[in-house]
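Before any comments, here is the structure.
The values are calculated or read from the model by the stated rules, or taken from the named source; none is laboratory data. From a predicted model like this one, the values you see are computed outputs, not experimental measurements. Glycine also receives a Cβ, built like all others from the backbone with ideal geometry; neighbour counts cover every protein chain displayed. Ligands, DNA and RNA are stripped out before the accessible areas are found, and what is left, the full protein with its side chains, is counted by its heavy atoms. Shrake-Rupley method; radii C 1.70, N 1.55, O 1.52, S 1.80 Å.
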Amino acid sequence: MGDISASYIHMVQHLIEKCLIFHMSKDECMEALSKHANIKAVITSTVWNELEKENKEFFESYTQSQSQPANTPDWISERETSQPIQKIISDNQVDSSDSNDM
């Protein structure tokens, strides 16, 4: 995985953060990013694991909250996950082309 750029990893991290906002599990996040952003599950998993290491207390709390019933439905529509993911990808592509122009 040495040929993956830092900006790509940063984008994956940002997408994972969006998944967290939608209260998605790691598996749901890997599936959503694979389907909507064409990001391999192993990359999402690796970045997720690194985030867990760096933010241990947050993820312990997050995992605990995932196991408790919430007031909101535990499903998220495909449209709700697809739109923010597509926006982040397009924003990242614009940022990358801007930095290449320098």
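Screening E17 against (1) open to solvent by 70 Å² or more (accessible area, probe 1.4 Å); (2) touching a residue at least 24 places away in the same chain (Cβ under 8 Å) leaves a single unmet condition, (2). Consider L33 carefully, then state whether it is among the aliphatic types (A, V, I, L, M) and under 16 Å from S90 (Cα atoms). Judged against the criteria, L33 is a match. Residues in the range 52-85 that are among the charged types (D, E, K, R), within 26 Å of K35 (Cα to Cα) and at pLDDT 70 or above: 2 in all.
Close contacts from the range 30-56, counting a first residue that is under 18 Å from I4 (Cβ atoms) and a second that is in a helix (DSSP H, G or I) and aromatic (F, W, Y), with Cβ to Cβ under 8 Å and a gap of 6+ residues or different chains, come to M30/W48; L51/F59.
Scan the range 87-101 and tell me whether some residue there is open to solvent by less than 80 Å² (accessible area, probe 1.4 Å) and at pLDDT 80 or above. No, because not a single residue in the range 87-101 is open to solvent by less than 80 Å² (accessible area, probe 1.4 Å) and at pLDDT 80 or above. Tallying residues that are modelled with pLDDT of 95 or more, assigned to a helix (DSSP H, G or I) and either open to solvent by 60 Å² or more (accessible area, probe 1.4 Å) or among the hydrophobic types (A, V, I, L, M, F, W, C) (or both) within the range 34-51 yields 7.
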